[in-house]
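First up is the structure itself, then whatever we jot down about it.
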Amino acid sequence: MKKKMNIVIVGLGNIGSYFYNYLRKNKKIIFNKTNTIPNILFVSSRSFVKKRNFPLSKKIWLKDCLLATKNKNVDIIIELIGGAEGTAKKLVFEALKNKKHIITANKALVAKHGDQLSKIAEKNKVNFEFEAAVCGGVPIIRSIKEGLVANNINKISGILNGTSNYILSSMDNDKLEYKDSLSNAKKLGYAESNPASDINGEDVASKLKILTALAFNSFINNKIITVEGIKNIDQIDINNANQLGYKIKLLGVAESRKNKIIQRVHPALIKEKSYIAKVGGVLNAVIVESNPVGKTVLQGEGAGPGPTTSSLISDLCSVLRGNVKFPFVLPYKKRKFGYFENIDNKKFSVYLRLDVKDRHGILSDITKVMATNKVSIKRLIQNPTINKKNASIVIITHEAKSSSFVKVLSTLKKKNYIVNIPKIIRIEKV
């Protein structure tokens with residue numbers, strides 16, 4: 001006898017529509033791989049009358065998606081609304097409480113409420129799956145939960161946002177300024193009309209918090225994390241990086257050293273010959289460093305309907321096979337709060353760019369400020385600016401504590417010879 005599970009898809013935007021069509025056309029393939037028929041019982045979205053490029057029957061239309069959480073015939077709810085609050089939050093909480101399996105692509109929801117949701121899912125012996133919430137079609141979550149389950153992970157790093165990676169790649173390859181590259185990203189559909197979360201680092205931060213909890217068996221920590229975006233990167237920085245043998249990428253990094261966990265999101269200079277420096281366009285790439293396997297690299301499309309559907313189907317197949325798993329690898333009771341530390345004591349070499357008035361004694365004063373704060377110079381380049389009264393000084397430092405660079409910047413900002421706000425970009429070894 002064929003087994004069947006009833007599914008409700010909530011949200012029919014680009015991703016929801018693509019997923020609905022894929023599932024409708026590929027039921028037989030999924031059945032052959034899971035021995036269970038995925039039956040679309042209902043779909044729900046803001047508007048039934050909205051023009052879509054596929055037929056949608058009123059028989060499966062659910063006006064109020066929250067009704068799905070109480071319907072005894074519903075087995076699985078696919079949440080594709082988005083956002084950490086509102087309808088998405090109500091739907092997922094109520095569904096899990098009513099013993100419905102949840103599959104979601106909602107990184108903001110998982111990053112903010114994932115711990116509570118996992119506890120409810122475990123209590124009610126249902127799945128809470130979120131592979132599609134991090135890096136689209138790159139199977140990083142399943143790799144951590146299953147493929148690397150025997151490994152002790154000490155670091156996760158990489159490019160976790162395709163929009164910012166496209167912008168930085170375009171600035172480098174096409175010699176565009178930031179605003180022009182962002183404009184192109186919007187035209188090509190790589191950036192939303194409001195791309196704030198992509199360019200200010202918040203999108204990467206949400207993904208990194210989830211990966212941190214998975215990798216280090218901890219609860220999600222939303223408070224102790226450094227988050228910096230790419231808005232201040234300009235063509236001068238791109239050119240300077242190339243001259244120095246680096247590329248600039250927006251990285252998400254979570255690492256555990258001596259039982260202390262650090263989460264950070266920021267632009268970084270990385271050696272142009274490194275693997276991650278060559279990952280361009282909208283691609284994502286994640287490097288997992290663990291023992292005994294060593295380095296594992298996963299690369300692929302990080303966003304879009306196709307890659308996201310790939311991850312959603314992966315989660316769906318897992319549920320259809322009857323596998324009830326702990327959402328964050330370990331049972332809720334065995335996870336730990338972990339000791340999270342801010343970035344202050346972490347040591348970096350940095351790229352320091354200072355636009356200054358071109359007059360005698362300035363360089364001497366800059367080196368004095370740095371020496372006072374225990375920061376030493378490894379390499380220095382001085383470039384004239386278009387305005388010959390000014391100069392641009394680029395310094396590569398030796399390693400020093402992050403807090404020392406904060407003090408250096410704070411002092412230099414007050415100097416009357418500084419023309420623009422001093423700029424620091426950390427140098428990362430990946």
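Values quoted throughout were computed directly from the atomic coordinates according to the rules given, and no laboratory measurement underlies them. Because the structure is predicted, anything quoted here is derived from the model rather than measured. Don't worry about glycine lacking a Cβ; one is built from the backbone with ideal geometry, like all the others, and counts go over all protein chains shown.
Taking only the alpha carbons of region 42-196, we obtain Rg and Dmax values of 19.1, 58 Å in that order. Applying 0.36 nm per residue to the separation of Lys186 and Ser403 and subtracting their alpha-carbon distance, the gain on full extension is 74.5 nm. Pairs spanning more than 24 Å between alpha-carbon atoms, out of Lys90/Lys119; Lys271/Lys407; Lys346/Lys407: Lys271/Lys407. Stokes-Einstein diffusion of the chain at 37 °C, 0.692 mPa s viscosity, Kirkwood radius from Cα pairs, rounded to a whole number: 141 µm²/s. By the rule of a C-alpha distance below 17 Å, with chain neighbours fewer than 8 residues away ignored, the aspartates and glutamates paired with Lys388 are Asp355, Asp358.
For the chain, what does -39500 (n - 2.57) per DSSP helix run (n ≥ 4), summed and divided by total residues, give at 222 nm, in deg cm²/dmol to the nearest 500?
-10000 deg cm²/dmol
May I ask you to derive the relative contact order of the chain, considering only C-alpha pairs under 8 Å and at least 6 residues apart, and to give it as an integer percent?
On the way: 875 pairs, mean separation 69.0, N = 430.
For the chain, the relative contact order is 16 percent.
Just checking the listed ones, Asp203, Asp115, Asp180: in the Gaussian network model of the chain with Cα springs under 10 Å, the one fluctuating most is Asp180.
For every other residue with a beta carbon closer than 13 angstrom to the beta carbon of Lys357, add +1 if it is Lys or Arg and -1 if Asp or Glu, then tell me the sum. The partial results should precede the final answer.
Numbers: positive: Arg359, Lys388, Lys389, Lys415; negative: Asp355, Asp358, Asp365.
Residues near Lys357 contribute +1 overall.
Here the Gaussian network model covers the chain, with springs between Cα atoms less than 10 Å apart; of Val92, Val288, Val375, Val375 fluctuates the most. Checking the Cα-Cα distances for Lys33/Lys70; Lys258/Lys374; Lys247/Lys378; Lys278/Lys429 against a 22 Å cut-off, the pairs over it are Lys33/Lys70; Lys258/Lys374.
Based only on Cα atoms, what mean projected area does the convex hull of region 347-427 have, in nm²?
So the mean shadow area of the Cα hull is 4.7 nm².
Note on Tyr339/Phe48: beta-carbon distance plugged into 1/(1 + (r/R0)^6) with R0 of 56 Å gives a FRET efficiency of 0.65.
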